[in-house]
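The structure appears right after this line, and notes come after that.
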Amino acid sequence: MIGYNEGFKNYQFNPQKAVELLETNGWKRNNETQMMEKDGNQLELTITSVENSDNEKLVSIIQKQLNDLGIVVKTELVDSKLIKDDVIKTRNYDLLLYGELLGNDSDIYAFWHSSQSANPGLNLSQYNNSAVDKAIEDARATNDEKEKERLYFSISEKLKEDIPAIFLINPSYTYTISNKIKGFNVKNIVSPSDRFDNLEDWYIKTRKKIF
């Protein structure tokens, strides 16, 4: 993948540091309820995600972790057919657990450029960084793969500093193919259909033909 940064820092969950940050911002734990409060108000957030079994498990884990910090967390699981219009289009969420598919080119303009903060853009955290904007624009304008890789690497470093989103998982899928099939030569599979990219070269049997 273009601009892949294997040194990208994987932030670990640090409850103690999280509590310190909350307290620095004026939140204090109520000794009776054990929930964080400020000016008589509890700290409350809602996690919104697409309704499916995988997301339900992830939301449950996040909810427990935040509850343990003293944050009241509600969950909202939305039908996949409705979430774009009812939630994403209006940016109607506190915390959004959502997946993104970049594609083979890894063009991240729609996901991180500040101009894409409103619908139909997919800058779902409404991230705004002028240096990142310029790097994205320059990456789209160049055909030099080395330069594009350098620019994407610089973008990943900025995202690491600013943390506009938390990257939880990058799932891998295994596709099997019979050893009877020859000619399969696909190196990058981003979407399921990519595994058929050189389908015209597949074969099972050959025979000698005399001319």
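When you scan the stretch 174-189, do you find a residue that is in a helix (DSSP H, G or I) and of a type in the set (Gly, Ala, Ser), even just one? Steps first, please.
Our first condition is that a residue be in a helix (DSSP H, G or I); within the stretch 174-189, this holds for none.
No; the residues of the stretch 174-189 include none that is in a helix (DSSP H, G or I) and of a type in the set (Gly, Ala, Ser).
Keeping to the stretch 96-117, report how many residues are buried (at least 17 other Cβ atoms within 10 Å of the Cβ) and in contact with a Ser or Thr (Cβ under 7 Å, 6 or more places away or on another chain).
To start, the set of residues in the stretch 96-117 that are buried (at least 17 other Cβ atoms within 10 Å of the Cβ) comprises 96-97, 108, 111-113, 116.
Imposing the further condition that a residue be in contact with a Ser or Thr (Cβ under 7 Å, 6 or more places away or on another chain) reduces the set to 96-97.
Residues in the stretch 96-117 being buried (at least 17 other Cβ atoms within 10 Å of the Cβ) and in contact with a Ser or Thr (Cβ under 7 Å, 6 or more places away or on another chain): 2 in total.
Out of everything in the stretch 9-23 that is assigned to a helix (DSSP H, G or I) and not aliphatic (A, V, I, L, M), what residue ends up being surrounded by the fewest Cβ atoms within 10 Å (Cβ to Cβ)? Steps first, answer last, please.
Within the stretch 9-23, the subset assigned to a helix (DSSP H, G or I) is 15-23.
Adding the requirement that they be not aliphatic (A, V, I, L, M) leaves 15-17, 20, 23.
Numbers: 15: 11, 16: 8, 17: 10, 20: 11, 23: 12.
Per the criteria, the residue is 16.
Residue under question is residue 26, and the condition is that it be more than 22 Å from the chain's Cα centre (by Cα), surrounded by 12 or more Cβ atoms within 10 Å (Cβ to Cβ), modelled with pLDDT of 95 or more and part of a loop (DSSP other than H, G, I, E, B); does it hold?
Numbers: more than 22 Å from the chain's Cα centre (by Cα): yes; surrounded by 12 or more Cβ atoms within 10 Å (Cβ to Cβ): no; modelled with pLDDT of 95 or more: yes; part of a loop (DSSP other than H, G, I, E, B): yes.
No.
Give the residue that is surrounded by the fewest Cβ atoms within 10 Å (Cβ to Cβ), with candidates limited to residues of the stretch 76-91 that are part of a loop (DSSP other than H, G, I, E, B) and free of Cβ contacts under 8 Å to residues at least 24 places away in the same chain.
Pass one, the stretch 76-91, residues part of a loop (DSSP other than H, G, I, E, B): 79-82, 89-91.
Those still in the list that are free of Cβ contacts under 8 Å to residues at least 24 places away in the same chain too: 81-82.
Working: 81: 9, 82: 11.
The extreme case among them is 81.
Among the residues of the stretch 49-59, are any surrounded by 14 or more Cβ atoms within 10 Å (Cβ to Cβ), part of a strand (DSSP E or B), among the small types (Gly, Ala, Ser) and at pLDDT 95 or above?
Yes, that holds for at least one residue.
To keep it simple, each residue is scored yes or no on (1) within 18 Å of the chain's Cα centre (by Cα); (2) β-branched (Val, Ile, Thr).
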{"site": "59", "(1), (2)": "yes, yes"}
{"site": "67", "(1), (2)": "no, no"}
{"site": "77", "(1), (2)": "yes, no"}
{"site": "87", "(1), (2)": "yes, yes"}
{"site": "90", "(1), (2)": "no, yes"}
{"site": "96", "(1), (2)": "yes, no"}
{"site": "101", "(1), (2)": "yes, no"}
{"site": "117", "(1), (2)": "yes, no"}
{"site": "127", "(1), (2)": "yes, no"}
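I'd like to check something: does the stretch 182-200 contain any residue that is among the hydroxyl-bearing types (Ser, Thr, Tyr), at pLDDT 90 or above, over 28 Å from residue 11 (Cα atoms) and more than 18 Å from the chain's Cα centre (by Cα)? Let's see the steps before the verdict.
Within the stretch 182-200, the first condition is being among the hydroxyl-bearing types (Ser, Thr, Tyr), and the residues that meet it are 191, 193.
From the residues that got through so far, the ones that are at pLDDT 90 or above too are none.
For the stretch 182-200, residues among the hydroxyl-bearing types (Ser, Thr, Tyr), at pLDDT 90 or above, over 28 Å from residue 11 (Cα atoms) and more than 18 Å from the chain's Cα centre (by Cα): absent.
So is residue 64 in a helix (DSSP H, G or I), within 27 Å of residue 197 (Cβ to Cβ) and either touching a strand residue (DSSP E or B) at 6+ places or on another chain (Cβ under 9 Å) or modelled with pLDDT under 95 (or both) or not?
Values: in a helix (DSSP H, G or I): yes; within 27 Å of residue 197 (Cβ to Cβ): no; either touching a strand residue (DSSP E or B) at 6+ places or on another chain (Cβ under 9 Å) or modelled with pLDDT under 95 (or both): yes.
Answer is no for this residue.
It is to be established whether one or more residues within the stretch 103-113 are closer than 30 Å to residue 35 by Cα and under 14 Å from the mean Cα position of the chain (by Cα). Reasoning before the result, please.
Here is the first cut: in the stretch 103-113, the residues closer than 30 Å to residue 35 by Cα are none.
Checking the stretch 103-113: not a single residue is closer than 30 Å to residue 35 by Cα and under 14 Å from the mean Cα position of the chain (by Cα).
If residue 31 meets every condition in (1) outside any helix (DSSP H, G or I); (2) surrounded by 11 or more Cβ atoms within 10 Å (Cβ to Cβ) apart from one, which number is that one?
Of the numbered conditions (1) outside any helix (DSSP H, G or I); (2) surrounded by 11 or more Cβ atoms within 10 Å (Cβ to Cβ), the odd one out for residue 31 is (2).
The values are calculated or read from the model by the stated rules, or taken from the named source; none is laboratory data. Computed from a prediction, not measured in an experiment: that's the story for all the values here. For neighbour counting, all protein chains shown are included, and Cβ atoms are generated from backbone atoms with ideal geometry for every residue, glycine included.
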